[in-house]
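The values are calculated or read from the model by the stated rules, or taken from the named source; none is laboratory data. On a predicted model such as this, the values are computed, not experimentally measured, just so you know. When we count neighbours, we look across all protein chains shown, and the Cβ atoms used for this are built from the backbone with ideal geometry, even at glycine. Ligands, DNA and RNA are stripped out before the accessible areas are found, and what is left, the full protein with its side chains, is counted by its heavy atoms. Shrake-Rupley method; radii C 1.70, N 1.55, O 1.52, S 1.80 Å.
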Amino acid sequence: MTATHAPRPANSNHSVCWLFPSVTLALAVFAAGIPAGAYAAELVRLTPENWSKFAPSGKEADRIYGDWVLQNELVICVIAQPAATRNANMTVRNVGWAIIDLTRRGAANDQLSAYYPGSLRHAFHSADRIRIEVDGAEMTADTSGPIRGSAIRIACDADAAANQPAATVTYSLRDGDPFVGIETTYSNPHASEVSVERTDTIRADKTFEFGIGEENQLFWADDEWFRQTYGVVAGEGEQVGRSGNRGVVIAFQRGGATSEKIAPGASSIWSRKLVPAANALEMAGIAARLRGQTVKDVRLAVRDKRGPVRAAKVTLLRDGAPIGSARTPANGTIAFASRPGDYQLKVEALGRPEWTGELAVAGNLERTIELGPCGYVQGRITRVGGGPIPCKVAFRGLGDTPTPDFGPDTAVTVKNLKYSHNGQFLQELGPGRYEAIISYGPEYDAVFREIEVQSGGVTNLSAELARTVETHGWVSADFHSHSTPSGDNTCSQRARVLNLLCEHIEFAPCTEHNRIDTYVPHLKALKVEPLMATCSGIELTGQPLPLNHQNAFPLKLVPRTQDNGGPVTHENPLTQIERLALWDAGSEKLVQINHPNLVQMIGDRDLDGKPDGGFAGMLSFMDVVEVHPMQPILLAPNSPAFKESKWNAIFHWMQLLNLGYRVPGVVNTDAHYSFHDSGGLRNFVHSSTDDPSRIDAMEMVRESTAGHVVMSNGPFLEVSMRQGKSDKAVGPGGMLTLGGAEAPRVRIRVQCPNWFDVNRVQVFVNGRPIESANFTRRTHGDAFGGADARAVKFDREFDLPLASDSHVILVAAGEGLKLGPVMGPRLGEEMPIAVSNPIYVDVDGGGFRANGDLLDVPLPLDATPGLPIR
């Protein structure tokens, strides 16, 4: 460690020694389209004027206006502006002066959530403490254009803290360097000795693997599927260690210790290098070169008879021990540097025989690896009568044929699923027998095909998808979905949109955690805007869990700003939901409580079983409430299964209805990944149009707020009530006023496609199942469709005598049945079910009065039940 800071001279030989030291790095510059030596290092602060030129891209890119971009011809990184409010996303927080985006120039592919020098022990909250040095000379930041030089350093001082050393973090980049230099200067302004820990923290989530290499001088994080690797090279005389998996702590050891004591008035500087690479093999080569070792440039092209092979996994081994691996990009070619020596290669690619061979590295070399052929499935899926249609195709191996694995559940082509936005695709598969399950949500019959795939051949998969469930006047909606901008998952947002689209969701607001966002760019890129309506929204996610999660839409998107213009959370759920409801100057919006503990809300704030008022004020700001899972509605109160059901939101929702709170129920997937995640729950919302291109988000808000919603995981349930022979019927959310002795008449119809069924229809009055209105296939077979029935599975009209004001809920379910393989291994195990929102019946015409019945399960209430309906 050294105690002085000396800027490098602008003419230092070391400042240019990385300019094209190898074919590998020259290729990177060539790929960027930049002539050799044309660019110096550059520094710029992102503004609306320079955004398109300097903002890097990638699945995990979190840059906004005001952040700093530091780049040369090989590397581009984003340093988050030092501000107390700067968060990358919901879980990657307090990123002021952290590196939040890092990738290679010419192949921008940011997968980094954040790199925190010092592991968040110091806060960087003031832009006034930024200093810039170019080629050894101090400069003032100019936001009108980039600052250029052979070597750039940008530093920021941390906020002062009691009993803590003063800290400065400096980032540096030189012309030709394949890394960003990180330097932390600690100084002790106190009268007594202070201790510092030499650790950094990296957030690189889900599909990343982590390790230590190069004689403990290299930490690496590798995401083989999204083809990005990050490496941290320790300073001279130091070694690295790691701990943790989410928020990995990188410890830098000197003499076996990660801590250091600094005397009063003394200072210390700690340096390391942060490297982006395309893969683990490229990272190993860069690290070896940084250590001064001799390396040779290797370029491997993986092909078969049809051309380049994408996503082939190439593993380099020495004496049988893996050195690193890489997945090929679309051109089938990887380039890296390797120490000279004799190696083994293993190449694995979907549907092809594994290839192994020797690789002797004596000098720079290029080699082509020819793989055996795979098979292909050519998909041609259309609507009945022709025309493109989105679809989900699941491939399941039959007999000895394994079920394929196309990639992780964060990807666009995921596990054994192919999502196609137009039904046309070419999918690689290994030879063998498969079942192909082709679907487009529960309004369409699925098609089941057995196919045989031959090596080197193309198997045609053609099908017409028939819409057999008639849902005129209703559209399918999911109000709660996530992808990687949410911060608690790394699912591609494009994958989320495809998942929603191919499950025939017709309206889906974008509701990422703590960030207003939009699906529109993905819909435009796929040219499917007419097929799925959307709007910008948010899930405002605070503590305590699970109560303090609320969705809202539509909201105004202010792009490239903190949280895209969204509100911030608050520890008090009442304060938070009020803030959300009044956001955008109190604009009209839908406010939804997500997966709530309704007992906590209505009367037990601290969950000690004693009434304390809870957060009951939230009810004044909520328009709808999530009540899934729906299946517990059929459980007898206080039964063992009932007691085991967590929170049982749907039961407590019916208690709220009996207390007079007219809050509609909704169900949503809360999808975070793309393997069948969307589509497992949906709301059929009353709509003036059946055409998704004409859906109005505000109509969805108003219809949902009015309770004109039927909740479902598949079945389409229609229910209406009318007085006697009247032609005027009332549906879910409506009020039927009788004012006479005649019993209301109920009409129920249930439709299902060919891949699941229902066998029970149950009427609930004021939250209690009515035995006389319990229809099963065994007891009322005439009301259920027979074996030759198409979509209509139940159709009946009957009188429902009511003694007093009542709310009526209808349930259709397939007891003992499953949704089946169309919905995958998890959701496919669930019972088909649909639940209507209540129809309110004012029996005497004197105004509806809730009955206050708690359904034999007490609630911790301060107030007397029987509140007037809201």
**segment 737-788 - Rg over Rh from alpha carbon coordinates, Kirkwood radius** = 1.05
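Could you work out the local net charge near SER267, counting Lys and Arg as +1, Asp and Glu as -1, over the other residues with Cβ closer than 14 Å to its Cβ? The partial results should precede the final answer.
On the way: positive: LYS261; negative: ASP157, GLU183, GLU193, GLU260.
Charge balance in the 14 Å sphere: -3.
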**Asked** So, in nm, how far is label ASN331 from label GLU571 when the simple model puts each one 7 Å beyond its Cα toward the Cβ?
**Response** 5.4
**Prompt:** In straight Cα distance, which lysines are under 21 Å from LYS646, not counting same-chain residues fewer than 8 positions off?
**Reply:** LYS610
**Message:** I want the local charge near LEU738. Using Cβ-Cβ distances under 15 Å, sum +1 for each Lys or Arg and -1 for each Asp or Glu among the other residues.
**Reply:** 0
**Asked** Hey, what's the chain come to in accessible area per residue, 1.4 Å probe, Å²?
**Response** 38
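Add +1 for every Lys or Arg and -1 for every Asp or Glu among the other residues with Cβ under 11 Å from the Cβ of ALA337, and state the total. Intermediate values should be presented prior to the final figure.
Numbers: positive: ARG289, LYS296, ARG299, ARG339; negative: GLU282, ASP297.
Around ALA337, the charge tally is +2.
Ratio to report: Rg/Rh of segment 162-215, with Cα atoms as the point set and Rh obtained by the Kirkwood method; give two decimals.
Details: Rg = 16.1 Å, Rh = 14.8 Å.
Across segment 162-215, the Cα-based Rg/Rh ratio is 1.09.
Return the carbon/sulfur percentage of the accessible area of segment 654-798, one whole number, probe 1.4 Å, all protein chains in place. Don't skip to the answer; put the middle values down first.
Details: 2440 of 5350 Å².
Carbon with sulfur: 46 percent of the solvent-accessible area.
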**Selection of GluC sites (Glu not before Pro), segment 340-391, meeting DSSP coil and at most 11 other Cβ within 10 Å** = GLU354
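Please work out the FRET efficiency for the pair SER726 and ASP405, using the Cβ-Cβ distance as r and a Förster radius of 56 Å; give the result to the nearest 0.05. Mind showing how you got there, number by number?
Numbers: r = 58 Å, r/R0 = 1.03.
Rounded to the nearest 0.05, the efficiency is 0.45.
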**Asked** Computed over the Cα atoms of segment 411-452, what is the convex hull's projected area averaged over all directions, in nm²?
**Response** 3.6
**Viscosity 1.567 mPa s, temperature 4 °C, Stokes-Einstein D of segment 445-494 from Kirkwood C-alpha radius, µm²/s** = 81
**Asked** When the Debye formula is applied to the Cα atoms of segment 606-698, each taken as the same point scatterer, what base-10 log of I(q)/I(0) results at q = 0.11, 0.15, 0.18, 0.23 Å⁻¹?
**Response** -0.47, -0.83, -1.09, -1.33
**Prompt:** How far, in degrees from 0 to 90, does helix 493-502 lean away from the longest principal axis of the Cα atoms of the chain, to the nearest 10?
**Reply:** 30
**Item:** Distance between segment 722-782 and segment 698-716 - C-alpha centres, whole angstrom
**Value:** 18
**Prompt:** Under the Karplus relation 6.51 cos²θ - 1.76 cosθ + 1.60, θ = phi - 60°, what is the ordered set of whole-Hz ³J(HN,Hα) values for segment 88-104, x standing for Gly and Pro?
**Reply:** 6, 6, 4, 9, 9, 10, 6, 8, x, 6, 8, 7, 10, 9, 7, 7, 8
**Request:** At a temperature of 25 °C and a viscosity of 0.890 mPa s, determine how fast the chain diffuses translationally according to Stokes-Einstein, using the Kirkwood radius over alpha-carbon pairs as Rh; express D in µm²/s, rounded to the nearest whole number.
**Result:** 82
**Fill in**
Going through LYS527/LYS556; LYS59/LYS206; LYS418/LYS527; LYS524/LYS556; LYS313/LYS415 one by one, the pairs whose alpha carbons sit over 21 Å apart turn out to be LYS527/LYS556
**Prompt:** Once you put a point 7 Å from the Cα of ALA266 and another 7 Å from the Cα of SER195, both along the Cβ direction, what distance in nm separates them?
**Reply:** 1.5
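Need the full-extension length gain, ASN460 to LYS305, defined as separation in residues times 0.36 nm minus the C-alpha distance. One decimal, nm.
Net length gain for the segment: 53.8 nm.
Treating the beta-carbon of each Lys and Arg as +1 and of each Asp and Glu as -1, no other charges, what is the dipole magnitude of the chain about its Cα centre, to the nearest 20 debye?
On the way: 83 positive and 98 negative charges, 292 e Å.
Computed charge dipole of the chain: roughly 1400 debye.
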**Tilt relative to the chain, helix 649-658 - C-alpha long axis, 0 to 90 degrees, to 10** = 40
**Estimated D of segment 743-870 in µm² per second, where Rh is the Kirkwood radius over Cα pairs and Stokes-Einstein applies at 10 °C, 1.306 mPa s** = 95
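Counting only protein heavy atoms and using a 1.4 Å probe, what share of the accessible area of segment 459-603 belongs to carbon plus sulfur, as a whole percent?
On the way: 2270 of 4210 Å².
In segment 459-603, the share of accessible area belonging to carbon and sulfur is 54 percent.
When N counts the residues of segment 220-264, how does its alpha-carbon radius of gyration compare numerically with 2.2 N^0.38 Å, as a ratio? Walk me through the numbers before you get to the answer.
Values: Rg = 13.8 Å, N = 45, 2.2 N^0.38 = 9.3 Å.
After normalising by residue count via 2.2 N^0.38 Å, the value is 1.48.
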**Message:** I'd like to know which of GLN600, ILE516, PRO692 lies farthest towards the positive end of the charge dipole of the chain, counting +1 on Cβ of Lys and Arg and -1 on Cβ of Asp and Glu.
**Reply:** PRO692
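Ratio of alpha-carbon Rg to the 2.2 N^0.38 Å globular estimate for segment 685-731, to two decimals, please. Mind dumping the intermediate values first?
Numbers: Rg = 12.9 Å, N = 47, 2.2 N^0.38 = 9.5 Å.
Taking N as the residue count of segment 685-731, the ratio is 1.35.
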**Fill in**
On the accessible surface of segment 32-126, probed at 1.4 Å with all protein chains in place, carbon and sulfur together account for a percent value of 48
**Asked** Along the Cα-to-Cβ line of GLU209, 7 Å from the Cα, sits a label point; which residues in segment 331-352 have backbone N less than 18 Å from it?
**Response** 344-350
**Complete:** If each part is reduced to its alpha-carbon centroid, segment 528-603 and segment 92-136 end up apart, in Å, by 29
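Determine, from the Cβ-Cβ distance of VAL384 and ARG148 and an R0 of 56 Å, the FRET efficiency 1/(1 + (r/R0)^6), rounded to the nearest 0.05.
Values: r = 61 Å, r/R0 = 1.09.
E(calc), rounded to 0.05, equals 0.40.
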**Request:** Please report, to one decimal in angstroms, the Kirkwood hydrodynamic radius of segment 638-689 built from all distinct Cα-Cα pairs.
**Result:** 13.8
**Item:** Cα extents of segment 698-785 along the three principal axes, largest first (Å)
**Value:** 39, 37, 26
